[in-house]
Amino acid sequence: MYFMTTIATHEAKTHLSKYLDRVQKGETIVILRGRRPMAKLVPYDEPPTVSIPKVGETLDDRLEIPASAFEPLDPAELQEWGL
């Protein structure tokens, strides 16, 4: 027979880490407000879909800026820009 653990909201706030450890081991915990069930803590079983980069890493390829981007504009280009 399977029993779910039920706890009050105050108990959940006070000892959340302890209950998360139990959930990680496969237990389901129902959080009550008064006598009404309000939430259920269950193990998370979906694989992560987003890769979070570490410090210094990027998600995109490196952006290469050609040397020509730093060359002075010719007179026609300066006129197009209104300079």
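Contact order, relative form, for the chain: 20 percent (alpha carbon pairs under 8 Å, 6 or more residues apart, mean separation divided by residue count).
On full extension, the segment bounded by residue 55 and residue 16 gains 11.2 nm, given 0.36 nm per residue less the C-alpha separation. Scanning residues 5 or more positions from residue 28 or on other chains, those with amide H under 5 Å from its amide H are 5, with H placed 1.01 Å from N in the peptide plane.
Beta bridges from DSSP with both residues in the chain: antiparallel share about 55 percent, rounded to the nearest 5. For residue 83 and residue 30, the difference between the fully extended length at 0.36 nm per residue and the C-alpha to C-alpha distance is 12.2 nm.
Select one label from [x] 36, 16, 8; [y] 60, 17, 11; [z] 19, 14, 11: the one whose number is semi-axes √(5λ) of the Cα gyration tensor in Å as derived from the coordinates shown. For semi-axes √(5λ) of the Cα gyration tensor in Å, the calculated option is [y].
The chymotrypsin sites (Phe, Trp or Tyr not before Pro) of the stretch 43-83 meeting both criteria, a DSSP state outside H, G, I, E and B (loop) and at most 13 other C-beta atoms within 10 angstrom of the site's C-beta, are 44, 81. Qualifying trypsin sites (Lys or Arg not before Pro) in the chain, where qualification requires a DSSP coil assignment and no more than 13 other C-beta atoms within 10 Å, comprise 25, 35, 54, 62. When 64, 57 are sorted by how many other C-beta atoms sit within 10 angstrom of their C-beta, beginning with the fewest, the order is 64, 57.
Read the figures in this text as sums done on the coordinates, not as results from a lab. Everything numeric here is computed off the predicted structure, so don't read it as measured data. Counting neighbours? That spans all protein chains shown, and the Cβs are built from the backbone with ideal geometry, glycine included.
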